[in-house]
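Heads up, the thing below is written out as structure tokens.
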Amino acid sequence: MRHYSLRTMIAVRFALIVLTVILLISIASNILISMQFEKYVGEQQSKEAEEIALNLSHQYDNASGEWNLDYVHGLGMYAMNEGYIIKLYDRNENILWDAQNHDMTLCSQMMDAISNRMQENRPELNGDFVARRFDLRQGKTAIGFLDVSYYSPYYLNENDFQFIEALNRILVAVGIVCLLGAVGMGLILANDIAKPIAKTVEITEQISVGDYSIRFKEGVRTKELFGLSRAVNQMAESLEEQETLRKRLTTDEAHELRTPLANVSSYLEAIIEGVWEPTQERLKSCYDELERISKLVSELERLKQVENENLKLHKTDVDLLELARSVVQNFARQMEDRNLHCDISGEHAVLLIDRGRMQQAITNIVSNAVNYSDENGNIRIVMENRKDVGIIRVEDEGIGIAEGELKLIFERFYRTDKSRSRRTGGAGIGLTIANAIVRAHGGTISAESEVGHGSCFVITLPKG
Ligand code: ADP
């Protein structure tokens, strides 16, 4: 299929619309002229003939029974010039004055000129000179007859034709101006539309080859196109972010495994080469590193399980408040060691959920609250039972999370720089697992935080 540019398409369509409008206006105005103007002219001509008859009837002197033939002659010649050929009879039908007899040549010239002009311009009228007879009277006395011949149904003189021609010329001129205007406007409009679209194509092409840095910079005035440019920019931005994150996470992932492996192998190497004695303490630290790796691997396995789309949930009625209490109990020792205080409050909310999995999700969040709290800190867990949802809120007064990192913490292996310096031992998978479990239940997790003041994680679970 052949593709045309937007400019061509819009300009051609605009031109077509204008052409159609001009054509319709021309047809309408021509119909109006032939129906109204020409009808009007026909009526005028009929009136004019009556006027001539009336004028002539005044030229009869009733007393003497004589016609003022000089005036009749003058009027007859004037009428001939206007296209009316008159023939005046007395009451006995004797010809008194006949334009044709009087000046045959001029008369024929006149009639031919009118006939030719009308035949040429209005052949469809099929007109001809037709005589109309008037009975001339003065009061009640019949004084004669008058034949007035003129081109019927009507005729147009030079001026009339010039008027119609001028009108048509104006229409054509207006048409041309409108056409040029329309094409110009079409091109401007097409330009306005085409530019952002072309830029969108350019950006998406660049993105498809892995360059995410390109953005819309020009301002776009059209609302919809502005929306498009903003959406494209957002898409490019989030793809860029994802790409950076992906690279960072791949590095982190390798790092998480490499560090303990490197530690174990250097310890063992030193022991094998006899540099180090295989003391219990050294073997223990090898063992700890291996534990970290195996913990990481089992977390990854768990993540794989919960991220499986066909994750089977064994749902039973579970009271969230009780569940949270049992989770917190498992952290009693850790909290005591660091003198943390945990307060659980709120309503009982019984929901149909997979107890084991949800315990895991809450554990991961409470575990973070414990790990990232400073000594003597407070943790608050509040349960809310709403009409359609159950809500668990876990608040701590710990190190907090920077605004820019909030949306990243649910990504696998993501750990904030602050948490790294703490060496909590986490690999950045806990929240990913919690998020997957909550999502599998049709719920959501969100986080709010302020660096240095603490964080608040909110799990919202639908009922039923
Ligand atoms: P980790 O095992 O490292 O804790 P998570 O997936 O549970 O991994 O959390 C991801 C990152 O989010 C953590 O490394 C930490 O930087 C940050 N984070 C999560 N919970 C908290 C919290 N309560 N306070 C401060 N930072 C937190």
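The values are calculated or read from the model by the stated rules, or taken from the named source; none is laboratory data. Here the structure is a predicted model, which means the values were calculated and not measured. Neighbour counts are summed over all protein chains in view; Cβ atoms, including those assigned to glycine, are modelled from backbone coordinates with ideal geometry. Quick note on the areas: whole protein, heavy atoms, side chains included, nothing else; ligands and nucleic acids left out. Shrake-Rupley method; radii C 1.70, N 1.55, O 1.52, S 1.80 Å.
Test each condition in (1) surrounded by fewer than 11 Cβ atoms within 10 Å (Cβ to Cβ); (2) touching a strand residue (DSSP E or B) at 6+ places or on another chain (Cβ under 9 Å) for residue 274 and report the one that comes out false.
Failing condition for residue 274: (2).
Here are some residues: 31, 52, 85, 143. Which one is among the β-branched types (Val, Ile, Thr) and loosely packed, with under 12 Cβ neighbours inside 10 Å?
Working: 52 fails: loosely packed, with under 12 Cβ neighbours inside 10 Å; 85 fails: loosely packed, with under 12 Cβ neighbours inside 10 Å; 143 fails: loosely packed, with under 12 Cβ neighbours inside 10 Å.
One residue alone meets the criteria, 31.
Could you please give the count of residues in the stretch 378-395 that are charged (D, E, K, R), part of a strand (DSSP E or B) and touching a residue at least 60 places away in the same chain (Cβ under 8 Å)?
The first filter runs over the stretch 378-395 and keeps only residues charged (D, E, K, R), leaving 380, 384, 386-388, 393, 395.
When the remaining residues are screened for being part of a strand (DSSP E or B), the result is 380, 384, 393, 395.
Narrowing the set further to residues that are touching a residue at least 60 places away in the same chain (Cβ under 8 Å) leaves 393, 395.
Residues in the stretch 378-395 being charged (D, E, K, R), part of a strand (DSSP E or B) and touching a residue at least 60 places away in the same chain (Cβ under 8 Å): 2 in total.
Here are some conditions: (1) surrounded by 12 or more Cβ atoms within 10 Å (Cβ to Cβ); (2) among the small types (Gly, Ala, Ser); (3) within 30 Å of residue 409 (Cβ to Cβ). Residue 190 meets all but one. Which one does it not meet?
(3)
Restricting the search to the stretch 343-361, which residues are charged (D, E, K, R) and farther than 14 Å from residue 385 by Cα? Full working, then the answer.
First pass over the stretch 343-361, keeping only residues charged (D, E, K, R): 343, 347, 354-355, 357.
Result: 343, 354, 355, 357.
From the list 387, 295, which residue is within 14 Å of the ligand (Cβ to nearest atom), out of contact with any helix residue (DSSP H, G or I) (no Cβ under 8 Å at 6 or more places or on another chain) and open to solvent by 70 Å² or more (accessible area, probe 1.4 Å)?
Details: 387 fails: within 14 Å of the ligand (Cβ to nearest atom).
Residue meeting the stated conditions: 295.
Using beta carbons and a limit of 6 Å, which pairs, at least six apart or on different chains, have the first residue in the stretch 324-339 and over 23 Å from residue 383 (Cα atoms) and the second one surrounded by fewer than 10 Cβ atoms within 10 Å (Cβ to Cβ)?
Filtered contacts from the stretch 324-339: 338/375; 339/375.
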